[in-house]
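Before any comments, here is the structure.
The values are calculated or read from the model by the stated rules, or taken from the named source; none is laboratory data. Worth saying up front: this structure is predicted, and the values here are computed from it rather than measured. Using ideal geometry, Cβ is built from the backbone for each residue, glycine included, and neighbour counts are taken over all protein chains shown.
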Amino acid sequence: MRFTSEQHLDDRVLERGFTLGGIPGILWTPASAPAPLILLGHPPLGLRTMYPRLVARARQCAAEGFATATLELPGSGERPRWPAAEQARADLRRAVEAGSPVGDEIVDALVLPLVDRAVPEAQAALDALLALPDIGGPVGYSGGVISIGIRLAVVEPRIGAAGLFAGSFVPRSMFEEARRVTVPLHVLLQWDDEGNDRQAALDLFDAFGSREKTLLANTGGHAGVPQSAGEDAARFFARHLRWPPPSRPGAGSRGWITTPGARGGRR
């Protein structure tokens with residue numbers, strides 16, 4: 001890991017750009033470091049495009065005492081073009097614009113190679129980040145492409161909790177992997193997400209093998225996530241990433257669903 005830039009934000013958060021094997025990334029650490037770490041996921045739109053939203057999430061996490069880091073995803077931003085991924089995105093756009101169903105072959109071509117590349121890179125980033133003196137404690141994963149979060153929670157024992165956003169296409173094979181997820185989960189669903197199959201998102205939540213899992217549903221489209229959702233996620237990580245981790249006696253097996261103006265209930 002090589003640090004390439006450094007600046008102090010006005011809320012005493014230290015932001016450092018880095019490269020890891022040529023892959024760009026950003027690390028944010030609070031004044032209270034050493035701190036537990038949260039990996040911030042994001043869609044493959046490039047770190048420059050995503051920066052305003054990422055830094056806002058990082059600052060919110062820093063206020064809770066967490067360090068955060070993110071990596072540029074394969075084929076996006078400043079990384080080399082990935083022809084297969086660009087072809088899959090083009091196929092997806094054509095299907096959506098034509099009003100046609102998005103077939104399994106398009107979803108698999110779009111998501112599975114990205115997961116296969118991104119997860120080992122995230123694990124390499126963990127190796128480097130956890131060796132730093134200002135990072136210490138358990139690790140969480142937050143947001144981004146949900147299939148990346150699923151795979152990472154299955155194969156990476158250092159992930160202690162995950163906050164996932166049910167807003168991206170999920171290959172059928174990932175449902176089997178979801179059954180192997182056991183860490184505490186906080187899943188956010190926009191109930192009226194125009195690009196998301198709501199029933200598929202509910203089925204995926206039901207498939208997760210975690211004994212402790214929460215589904216938070218809010219009315220509104222993909223871009224209408226309320227600020228309170230971020231606050232709820234921050235409280236989730238505050239509960240599960242403190243060291244030593246809290247015991248969780250009597251955790252339910254199915255989780256809760258809440259919607260604005262409605263009472264929570266068991267699924």
Going through (1) closer than 14 Å to GLY143 by Cα; (2) part of a helix (DSSP H, G or I); (3) touching a strand residue (DSSP E or B) at 6+ places or on another chain (Cβ under 7 Å) one by one, ALA69 fails only at (2)
Flagged pairs (Cβ under 6 angstrom, 6 or more apart or on separate chains; first in segment 94-110, at negative phi and at pLDDT 85 or above; second among the charged types (D, E, K, R) and assigned to a helix (DSSP H, G or I)) are ILE106/ASP91
Output for Cβ contacts, cut-off 6 Å, separation at least six or different chains, first residue closer than 22 Å to ARG239 by Cα and in contact (Cβ under 8 Å) with a residue 24 or more places away in the chain in segment 194-212, second polar (S, T, N, Q) and assigned to a loop (DSSP other than H, G, I, E, B), reads GLY209/THR182; SER210/THR182; ARG211/SER253
Note on segment 164-209: residues hydroxyl-bearing (Ser, Thr, Tyr) and in a loop (DSSP other than H, G, I, E, B) are SER168, THR182
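Quick one: is GLY75 closer than 30 Å to LEU9 by Cα, out of contact with any strand residue (DSSP E or B) (no Cβ under 9 Å at 6 or more places or on another chain) and at pLDDT below 95? Spell out how you get there, then give the answer.
Values: closer than 30 Å to LEU9 by Cα: yes; out of contact with any strand residue (DSSP E or B) (no Cβ under 9 Å at 6 or more places or on another chain): yes; at pLDDT below 95: yes.
Criteria met by GLY75.
Does segment 21-57 hold any residues that are of a type in the set (A, V, I, L, M) and more than 23 Å from ILE150 (Cβ to Cβ), and which are they? Working first, answer last.
The first filter runs over segment 21-57 and keeps only residues of a type in the set (A, V, I, L, M), leaving 23, 26-27, 31, 33, 35, 37-40, 45, 47, 50, 54-56.
Scanning segment 21-57 gives ILE26, LEU27, ALA31, ALA33, ALA35, VAL55, ALA56.
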Note on segment 106-140: residues in contact with a Ser or Thr (Cβ under 9 Å, 6 or more places away or on another chain), in a helix (DSSP H, G or I) and surrounded by fewer than 19 Cβ atoms within 10 Å (Cβ to Cβ) are ASP108, LEU112
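Pick out the one residue from GLY144, GLY160, GLY149 that is under 14 Å from the mean Cα position of the chain (by Cα) and at positive phi.
Details: GLY160 fails: at positive phi; GLY149 fails: at positive phi.
Result of the check over GLY144, GLY160, GLY149: GLY144.
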Conditions (1) touching a residue at least 40 places away in the same chain (Cβ under 8 Å); (2) in a loop (DSSP other than H, G, I, E, B); (3) surrounded by 18 or more Cβ atoms within 10 Å (Cβ to Cβ) -> SER76 fails only (1)
